[in-house]
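I have placed the structure first, in the form of structure tokens, so that the comments after it can refer back to it.
The values are calculated or read from the model by the stated rules, or taken from the named source; none is laboratory data. The shown structure was predicted, so the numbers you read here are calculated from the model rather than taken from an experiment. No Cβ is skipped: glycine too gets one built from the backbone with ideal geometry, and neighbour counts run over all protein chains shown. Quick note on the areas: whole protein, heavy atoms, side chains included, nothing else; ligands and nucleic acids left out. Shrake-Rupley method; radii C 1.70, N 1.55, O 1.52, S 1.80 Å.
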Amino acid sequence: DETCLDLRAALRTRTFWILATTLFAFFFYFNGILDHFVLILTDAGLSHEEAATRLSQTIGLGIVSKVVGGYLADRVSQERAILYDYGLLALSSVVLLFLPSALFLPIFVVSYGFSQAARDVVWPLAIERCFGARHLGSIYGAMTLALLPGAALGPLAAAGLRDALGDYRMAFVLFIAMNAAALAALCFVRDERPGRAA
């Protein structure tokens, strides 16, 4: 398709930088939680054994979500698929404030576990929708450079805030703010191919 954008052209679009920035935010949150998952739950009052069980459940849900996410992504638009996924991710960060409630803990496990792995399905679809499929590999590869600092800084920020303030509450507030900003930014993603931008 001659309208497909290559990496150089994609780098000049707002959509590339929105997607790259939200990818940074995603891994900032994802790794920030995953690296501290058991400690977050034990701080909230769960036993180490129960916290480890919840971690296993979350990882298991992530595996299932790739299948379910792919099924659902085939039935909604790419724009809606990525917004649904990030909306669920944002919800999981809000629920952190209410742990270890017997009501909210399962909601967190399901929303975090499902959304963090479904991203692997919906993200390439969004890139294809915005830039075309021909150069998807190079564009996606360039975007993944954003995940490296996000994946490194998220756990460090969570640890630093806990050490400074004695708990994770401000880290949770930071995660909520970043996820909300990412979700809002994704509303401005568009098809950047010539003659198709809206």
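Annotations for the structure displayed:
- Residues satisfying the stated conditions in the range 104-148, i.e. in contact (Cβ under 8 Å) with a residue 60 or more places away in the chain, aromatic (Phe, Trp, Tyr) and under 13 Å from residue 6 (Cα atoms): 131
- Within the range 87-140, being within 14 Å of residue 176 (Cα to Cα) and over 19 Å from the mean Cα position of the chain (by Cα) holds for one residue alone: 98.
So that you can scan it fast, the table gives a plain yes or no per residue for (1) at pLDDT 95 or above; (2) over 20 Å from residue 115 (Cβ atoms):
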| site | (1), (2) |
| --- | --- |
| 155 | yes, no |
| 158 | yes, no |
| 164 | yes, yes |
| 167 | no, yes |
| 170 | yes, yes |
| 173 | yes, no |
| 181 | yes, no |
| 184 | yes, no |
| 189 | no, no |
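- Annotation note: of 70, 45, the sole residue that is farther than 30 Å from residue 132 by Cα and either in a helix (DSSP H, G or I) or of a type outside the set (S, T, N, Q) (or both) is 45.
- Taken residue by residue, the range 13-26 has no member that is assigned to a helix (DSSP H, G or I), in contact with a helix residue (DSSP H, G or I) (Cβ under 8 Å, 6 or more places away or on another chain), farther than 18 Å from residue 130 by Cβ and not hydrophobic (A, V, I, L, M, F, W, C).
- Yes/no for residue 54 being modelled with pLDDT of 90 or more, of a type outside the set (Gly, Ala, Ser), assigned to a helix (DSSP H, G or I) and open to solvent by 10 Å² or more (accessible area, probe 1.4 Å): yes
- Members of the range 89-108 that are buried (at least 20 other Cβ atoms within 10 Å of the Cβ) and either among the hydroxyl-bearing types (Ser, Thr, Tyr) or modelled with pLDDT under 90 (or both): 92, 93
- Considering the range 8-47, the residues that are among the hydroxyl-bearing types (Ser, Thr, Tyr) and more than 19 Å from the chain's Cα centre (by Cα) include one that is farthest from residue 178 (Cα to Cα), namely 47.
- Test: residue 61 is open to solvent by 30 Å² or more (accessible area, probe 1.4 Å) and at pLDDT 90 or above: no
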